[in-house]
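The values are calculated or read from the model by the stated rules, or taken from the named source; none is laboratory data. Please read these numbers as outputs of a predicted model, since none were measured by experiment. Because the Cβ atoms are built from the backbone with ideal geometry, glycine has one as well, and the counts that use them run over all protein chains shown. Just so you know, the surface numbers come from the protein's heavy atoms only, side chains and all, with ligands and any DNA or RNA stripped out. Shrake-Rupley method; radii C 1.70, N 1.55, O 1.52, S 1.80 Å.
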Amino acid sequence: MSASSEAIPVETLRWQGTRLELIDQRALPARLEYVSCTSAAEVAEAIRSMVVRGAPAIGCAAAFGVALEAKRQGHRTRTEFDAAMEAGFKTLAASRPTAVNLFWALDRMRAALGAETREDPKAAAARLAEAALALFNADLEANRAIGRAGAALVPDDARVLTYCNTGSLATAGHGTALGVIRSARDQGKRVSVIACETRPYLQGARLTAWEMIQEKIPVTLITDNMAGHLMRLGKIDLVLVGADRIAANGDVANKIGTYTLAVLAERHRIPFYVAAPLSSIDMAIADGSAIPIEERGASEVTGYAGVRWAPEGVGVANPAFDITPAELVGGLLTEKGVVMRPDTRKVRALFP
Ligand code: MRU
């Protein structure tokens, strides 16, 4: 699926009307395979198990999950249909807690469903499919706009340190922080990427490295604990990351380890920017302390892909995200432009 004329380099989500095809991000970079979903429950499981991940991509997948459920339930009476849809919304909302894009997308889909008052559930199903597709296309456009706005902050020859994966794999296409890098490259700037491997789930080593190679953007992989050393040696010009949820005061929840990078960047006076669409901003949350942080399973820390390196019996903590306070954020790069040194007043102004 591609509603826009510009090619999408990596098709993370493919809407096929009666099914949603998702790149299985667990298999990358070894294999490029798709998983097919036909119901809200299957999409929820794909989100939970990280077939699809990255805040905007999770939101898009959830919207398509609602559309799939509506199609599946189209033969029912409207009352039965509404009850089945309510169950579908609940299942999707329970898949992962931190990325607000999931709840933002579900709210949008709920509004689309509420606006369709005709008795025939098939009419509601058609409207929900349109709404999901519109949400997907809007995310793609937002990413391109973030890229245009953010590229101005990337100097020629910049060596950009990035974290986790914020590219086409994490969005409807183009990407947020990686989208800024893509846009800077498309403007003729020479840009190279330093990708942190992003323990425990290795989104940087597996996904960002793979995406940059597809895009022919020079990329160097480091382990997470090398970042400070490279900064001290003057080998990083800029840090660019994404967000899973941004509070009203500009505090940022992002992949665990982002906070450490922000502190290091401040210590070394390196600009630290967060690229994210407005759908990642949660105006209902005053500051980062109220953002729910997902705790994931111990096996991600004690080993990887079936290989265990930690001894049996060890205690494990696995918070998947951390909070970077707004005071460490040099700028929020959004589709509405760049907000330098974000605070509540400036963030609120993004939502007139
Ligand atoms: O656990 P993940 O892989 O879903 O975490 C993703 C991130 O933390 C990304 O940095 C964030 O969602 C921004 S993606 C454009």
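Observations on the structure shown:
- Of residues in segment 202-235 being in a helix (DSSP H, G or I) and within 16 Å of the chain's Cα centre (by Cα), the one surrounded by the fewest Cβ atoms within 10 Å (Cβ to Cβ): 206
- A count restricted to segment 158-205 and to residues that are away from the ligand (no atom under 14 Å from the Cβ) and in contact (Cβ under 8 Å) with a residue 60 or more places away in the chain stands at 3.
- For the condition more than 18 Å from the chain's Cα centre (by Cα) and either of a type in the set (D, E, K, R) or surrounded by fewer than 19 Cβ atoms within 10 Å (Cβ to Cβ) (or both), residue 30 qualifies.
- Count - residues of segment 104-141 that are touching a residue at least 40 places away in the same chain (Cβ under 8 Å), open to solvent by 60 Å² or more (accessible area, probe 1.4 Å) and among the acidic types (Asp, Glu): 3
- Filter pass, residue 97 being surrounded by fewer than 20 Cβ atoms within 10 Å (Cβ to Cβ) and in contact with an Asp or Glu (Cβ under 8 Å, 6 or more places away or on another chain): yes
- Test: residue 144 is in a helix (DSSP H, G or I), surrounded by fewer than 23 Cβ atoms within 10 Å (Cβ to Cβ) and within 16 Å of the ligand (Cβ to nearest atom): yes
- The combined condition, being within 16 Å of the ligand (Cβ to nearest atom) and modelled with pLDDT of 95 or more, is not fulfilled by residue 76.
- Here is the figure for segment 163-190: residues that are in contact with a Pro (Cβ under 8 Å, 6 or more places away or on another chain) and of a type in the set (A, V, I, L, M, F, W, C) total 2.
- When every residue of segment 304-326 is checked against the conditions, none turns out to be closer than 21 Å to residue 107 by Cβ, touching an Asp or Glu at 6+ places or on another chain (Cβ under 7 Å) and of a type in the set (Gly, Ala, Ser).
- Residues of segment 77-122 that turn out to be part of a helix (DSSP H, G or I) and polar (S, T, N, Q), as a count: 3
- The helices (runs of 4 or more DSSP H) falling completely within segment 236-352 that include 2 or more residues that are crowded, with 17+ Cβ neighbours inside 10 Å map to 258-267, 299-302.
- Residues (within 15 Å of the ligand (Cβ to nearest atom), within 20 Å of residue 135 (Cα to Cα) and part of a loop (DSSP other than H, G, I, E, B)) located in segment 10-35: 10, 12
- Tally, over segment 46-76, of residues that are open to solvent by 10 Å² or more (accessible area, probe 1.4 Å), in contact with a helix residue (DSSP H, G or I) (Cβ under 9 Å, 6 or more places away or on another chain) and assigned to a helix (DSSP H, G or I): 4
- Pick from segment 36-54, criterion away from the ligand (no atom under 15 Å from the Cβ) and touching a strand residue (DSSP E or B) at 6+ places or on another chain (Cβ under 7 Å), ranking: nearest to residue 72 (Cα to Cα): 37
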